[in-house]
Every structure is written in C-alpha cells, then in structure tokens.
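Trainee: Take a look at this one; I'll ask things after.
The values are calculated or read from the model by the stated rules, or taken from the named source; none is laboratory data. The structure presented is a predicted model; accordingly, all values stated were derived computationally and were not measured. Virtual Cβ from ideal backbone geometry, glycine too; neighbours counted across all protein chains shown.
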Amino acid sequence: MPDAPRPAAPPRPDARRSLGVAALLGVGLMAAVDEVVFHQLLRWHHFFDLSTPAVGIISDGLLHAFELVALVSGAFLAADLLRRGAWAGRWAWAGGFLGAGGFQLFDGIVDHKVLRIHQVRYGVELLPYDVAWNAVGLALLAVGAALAVRARRARPA
Amino acid sequence: MAYLAAARAQRRAGRRWAGGRTAAFAGGVALLALAAAPPLAAWAHGDLRGHMVQHVLVGMLAPLGLVLGAPVALALRTLPVPAARRVTRFLRGRVVRVVSHPATAAVLNVGGMAVLYLTPLYAATLHAPALHALVHLHVLAAGVLFTWAVLAGPDPAPHPAPLATRLGVLTLAIAAHAVLGKLMYGYGWPCGVAGAAEVQAAAQVMYYGGDLAEGLLLVALFARWYRAGRTAGGGAAAGGGVAARARRAPQDLRRVRG
C-alpha cells in the first residue's frame with residue numbers, strides 16, 4: 001500500500017492541510033520568538049531559574065524540542081505541499097496567524113497563570129505585562145480568524 | 001582511507017557511489033580529527049569547556065557525517081561475498097535489533113551523558129587515561145548508533161522503527177539533552193572539577209552545540225522523507241515516505257548480498 005503509485009490527479013490547493021501545516025509553523029515560530037527574545041535576549045524569564053521546580057525545567061526542555069521539530073517538520077511539509085501544487089496561500093496565512101496567536105495565548109494563560117512555570121517578567125508589576133502578552137495573542141488570533149473568513153469567501157471549500 | 005579506497009573501487013567497477021556520501025563521510029572524519037587535534041585535546045584536558053566542544057564534535061556532529069556517508073552499504077558492496085554475508089547476518093541479529101532501536105540508542109546516548117556528568121565518573125576520567133579513552137569511544141559509538149537508528153538509513157537498516165517512533169524518540173532526546181544542559185548550568189554539575197563560570201559556559205556549549213547538531217539531524221530525517229517523495233495526508237500517513245523506504249532496506253540488503 002505505501003508503494004502504490006502516486007494518484008495522477010491535477011494539482012489542487014489543499015485548504016485544510018495548508019492551514020494545518022502553516023499553523024504548525026506559526027506555533028513553532030512563536031515558541032522560538034518567546035524562547036529567543038524573552039529567554040535569551042531580554043532575559044526576562046531566564047535560561048534557567050533556580051526557583052523553578054524540576055517539572056518546569058523538563059517542560060521547558062520539551063517545549064524547546066517541540067519548537068525545533070515543529071519548525072523543521074512544518075518547513076518540509078510546506079515544501080511537500082508546494083511541490084504538489086497543493087499550497088493554498090490564503091489558508092496558509094490564516095493558519096500561521098492562528099497557530100502563532102494560539103500558542104501565545106496558551107503560553108500566557110496556561111503556562112504563566114495556571115501552571116505558573118514562569119512569568120513574563122520578575123520584580124515588576126505583572127499585570128500590564130500579562131495583559132500585553134495575552135492581547136498580542138488575541139490580536140494574532142483575530143487576524144488569523146479574519147484571514148480564514150476571507151479565504152473561505154475567496155474559494156468556498 | 002578504507003572508505004576512499006572502497007569508493008574508488010566502486011567507481012572503477014562502473015558502479016555509482018554518490019560523491020555526496022563520500023563528502024559526508026570525509027566531513028565526519030574531519031570533525032573527528034579536529035576533535036583529536038593537539039590544540040583542542042590540550043584545551044579539553046584541563047578545561048570543561050574544551051571537553052564539551054570535543055564532546056559535541058565527537059558525539060553529535062561527526063556521527064551525522066559518518067552515518068550519512070553510508071559506510072556499511074559501501075562495505076557490503078565492496079567486501080567479498082562471504083564476508084559481506086557475515087556482516088549481514090550480524091546486522092540482522094538480535095543484538096543489533098535491540099541495540100539499534102531508537103529508544104535503546106537514545107538511552108545509551110543521552111543516558112550515557114547523564115551518567116558521565118551527573119556522577120563522579122567525569123572527575124574519575126581526568127585521572128585515568130584508559131577510562132577517558134573508553135568514555136570517548138562510548139560517546140562516538142552511541143552517537144553513531146543513535147543517528148543511524150533515527151535516520152534508519154542511508155545504510156541498510158534491517159529493523160527500522162516507524163517514522164513516528166523515530167521522530168518521537170528524537171524529540172524526547174532533544175528535550176532530555178536540553179534539560180541535562182540546564183541542570184548542569186543550574187546545579188554546577190559535574191561537581192568539583194571546575195569553577196561555576198566554567199561549568200556554566202560548558203553547559204551552554206552543550207545546549208547550543210547540541211541544538212545545532214539535533215537540528216541538523218532533524219533536517220536530515222525530514223530531507224529523507226521529502227526525497228522519498230510521498231504524497232500523503234496527515235502525520236501518520238506522511239510517515240509512509242520514510243517508513244516505506246526503510247521497509248525496502250532489507251531488500252537492498254538482500255540485493256547487496258546476492
């Protein structure tokens with residue numbers, strides 16, 4: 001079965017897969033931005049924080065690994081879609097924004113507030129930072145949703 | 001040397017041996033030579049940072065080149081048939097099956113590192129040259145084994161794990177490596193061999209160097225999937241590419257043997 005010949009169907013944009021692959025890239029990109037900008041450049045929440053419990057370190061390692069895998073696998077899956085002419089550009093943009101916004105909001109709500117793995121910044125009044133963090137996530141999600149609506153109108157699935 | 005001679009023999013016999021493979025293998029050997037070069041070896045002897053640079057070269061970057069060079073496939077093609085048959089029998093044996101499972105290889109690889117740095121073993125190697133050499137040998141062997149187990153190629157892999165398993169194990173191994181680097185950074189392991197700043201710098205070399213090597217391994221894994229050229233829907237089905245290729249590997253083995 002895996003060796004079955006490739007179906008000779010004419011190339012057709014695959015909306016759902018484009019959306020999914022781009023969302024994967026969006027998540028990976030946002031995770032990388034979080035890690036590189038906030039952990040390593042601004043050092044707001046640090047490379048390693050001794051007050052963080054071991055669970056926090058392990059989850060951070062998993063996030064790091066996931067981010068790498070998401071970026072590399074997303075790039076190759078996107079390349080595969082492009083090669084097959086199945087890349088639906090509008091849906092992909094929507095997926096990218098939805099993935100990035102979804103990750104940002106998830107990080108802001110679950111990691112920071114529910115699990116309390118780390119905060120946006122230490123030693124400051126946290127509320128403005130939390131509001132800004134989650135507002136960015138919401139804004140990205142809103143852009144993604146708007147793009148998805150536009151994509152649906154442009155080419156009814 | 002043997003690799004180059006064998007590659008030339010293949011060419012001369014009118015059979016193709018890709019230049020890229022030769023280049024990958026030569027790159028791996030060059031990285032090993034770099035790691036063993038007197039300046040780096042001297043630095044590594046008294047400095048944990050130097051040791052860690054050596055470690056990333058020997059255990060992570062060089063294995064990638066060596067494995068992508070497909071030395072076993074070349075040997076099977078070049079060796080006389082009885083010898084090649086013995087190699088094949090060994091590769092198909094139970095030992096290789098157990099040891100070359102990605103999970104086993106990952107434990108041998110990252111677990112070995114954890115034992116080395118989180119126990120007094122590292123301090124012991126500083127005073128026992130034989131133990132030191134043994135550790136380096138383990139690092140190289142485990143690195144090659146892990147790379148081969150994750151890629152399930154280009155050398156014949158008689159017992160390839162499914163792509164999802166290999167990707168999952170690689171993800172966990174990357175995470176474990178990052179956690180290990182942070183533990184060393186945070187708690188100053190290995191204890192009693194260097195100052196805190198030196199240990200932290202070494203941990204960062206491990207963290208970022210490891211990232212680079214693991215990123216390249218990921219790219220190699222997906223490049224193989226991409227080149228296999230499968231059109232697939234969804235993650236599991238997407239695995240058909242590499243997995244299908246990997247499943248064909250035993251046939252390659254048979255062809256080589258015959």
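Trainee: Working carefully through the options A:PHE38, A:PHE47, A:PHE76, find the one that is at pLDDT below 85, part of a helix (DSSP H, G or I), aromatic (Phe, Trp, Tyr) and within 21 Å of the chain's Cα centre (by Cα). Outline the logic, then answer.
Mentor: Details: A:PHE47 fails: part of a helix (DSSP H, G or I); A:PHE76 fails: at pLDDT below 85.
After ruling out the rest, the residue left standing is A:PHE38.
Trainee: Can you find even one residue in segment B:170-185 that is among the polar types (S, T, N, Q), more than 14 Å from B:MET52 (Cα to Cα) and either surrounded by fewer than 18 Cβ atoms within 10 Å (Cβ to Cβ) or facing another protein chain (nearest Cβ under 9 Å) (or both)?
Mentor: Yes, there is a match, as at least one residue in segment B:170-185 is among the polar types (S, T, N, Q), more than 14 Å from B:MET52 (Cα to Cα) and either surrounded by fewer than 18 Cβ atoms within 10 Å (Cβ to Cβ) or facing another protein chain (nearest Cβ under 9 Å) (or both).
Trainee: Looking at (1) under 20 Å from B:GLY28 (Cα atoms); (2) in a helix (DSSP H, G or I), which is the only condition B:PRO154 fails?
Mentor: (2)
Trainee: Restricting attention to segment A:10-21, does a residue exist that is touching a Ser or Thr at 6+ places or on another chain (Cβ under 7 Å) and modelled with pLDDT of 85 or more?
Mentor: Restricting attention to segment A:10-21, the residues satisfying the condition of being touching a Ser or Thr at 6+ places or on another chain (Cβ under 7 Å) are none.
Looking for residues that are touching a Ser or Thr at 6+ places or on another chain (Cβ under 7 Å) and modelled with pLDDT of 85 or more, one finds none in segment A:10-21, hence no.
Trainee: Something else about it: If you go through segment B:119-133 one residue at a time, do you hit one that is in contact (Cβ under 8 Å) with a residue 60 or more places away in the chain, touching a helix residue (DSSP H, G or I) at 6+ places or on another chain (Cβ under 9 Å) and assigned to a loop (DSSP other than H, G, I, E, B)?
Mentor: yes
Trainee: Checking the conditions here, which among B:ARG89, B:ARG85 is in contact (Cβ under 8 Å) with a residue 12 or more places away in the chain, in a helix (DSSP H, G or I) and of a type in the set (Lys, Arg)? Reasoning before the result, please.
Mentor: Working: B:ARG89 fails: in contact (Cβ under 8 Å) with a residue 12 or more places away in the chain.
None of the others qualify; the one that does is B:ARG85.
Trainee: Looking at (1) more than 10 Å from chain A (Cβ to nearest Cβ); (2) of a type in the set (Asp, Glu); (3) surrounded by 19 or more Cβ atoms within 10 Å (Cβ to Cβ), which is the one condition that is false for B:GLU198?
Mentor: (3) is the only condition that B:GLU198 fails.
Trainee: Considering only residues of segment B:153-169 that are buried (at least 20 other Cβ atoms within 10 Å of the Cβ) and within 13 Å of chain A (Cβ to nearest Cβ), which is modelled with the lowest pLDDT?
Mentor: The residue in question is B:PRO160.
Trainee: Return the total of residues in segment A:67-81 being in contact with an Asp or Glu (Cβ under 9 Å, 6 or more places away or on another chain) and facing chain B (nearest Cβ under 7 Å). Quick ask: steps written out before the conclusion?
Mentor: Quick first cut of segment A:67-81, residues in contact with an Asp or Glu (Cβ under 9 Å, 6 or more places away or on another chain) only: A:67-68, A:81.
If we keep only those that are facing chain B (nearest Cβ under 7 Å) as well, we get A:68.
Looking only at that region, the number is 1.
Trainee: Filter segment B:94-113 for residues that are among the hydrophobic types (A, V, I, L, M, F, W, C) and crowded, with 17+ Cβ neighbours inside 10 Å and give the result.
Mentor: To start, the set of residues in segment B:94-113 that are among the hydrophobic types (A, V, I, L, M, F, W, C) comprises B:95-96, B:98-99, B:103, B:105-108, B:110, B:113.
Within segment B:94-113, B:ALA105, B:ALA106, B:VAL107, B:LEU108, B:VAL110, B:MET113 meet the criteria.
Trainee: Condition (residue is more than 14 Å from chain A (Cβ to nearest Cβ), surrounded by fewer than 19 Cβ atoms within 10 Å (Cβ to Cβ) and under 16 Å from B:LEU108 (Cα atoms)) applied to segment B:141-152: is it met by at least one residue?
Mentor: Among the residues of segment B:141-152, at least one is more than 14 Å from chain A (Cβ to nearest Cβ), surrounded by fewer than 19 Cβ atoms within 10 Å (Cβ to Cβ) and under 16 Å from B:LEU108 (Cα atoms), which makes the answer yes.
Trainee: Still on this structure, please answer the following. Would you check if B:ALA149 is in contact with a helix residue (DSSP H, G or I) (Cβ under 9 Å, 6 or more places away or on another chain) and either assigned to a helix (DSSP H, G or I) or at pLDDT 80 or above (or both)?
Mentor: Working: in contact with a helix residue (DSSP H, G or I) (Cβ under 9 Å, 6 or more places away or on another chain): yes; either assigned to a helix (DSSP H, G or I) or at pLDDT 80 or above (or both): yes.
Criteria met by B:ALA149.
Trainee: Among the residues of segment B:21-39, is any in contact (Cβ under 8 Å) with a residue 12 or more places away in the chain, out of contact with any Phe, Trp or Tyr (no Cβ under 9 Å at 6 or more places or on another chain) and not in a helix (DSSP H, G or I)?
Mentor: Scanning segment B:21-39 turns up no residue that is in contact (Cβ under 8 Å) with a residue 12 or more places away in the chain, out of contact with any Phe, Trp or Tyr (no Cβ under 9 Å at 6 or more places or on another chain) and not in a helix (DSSP H, G or I).
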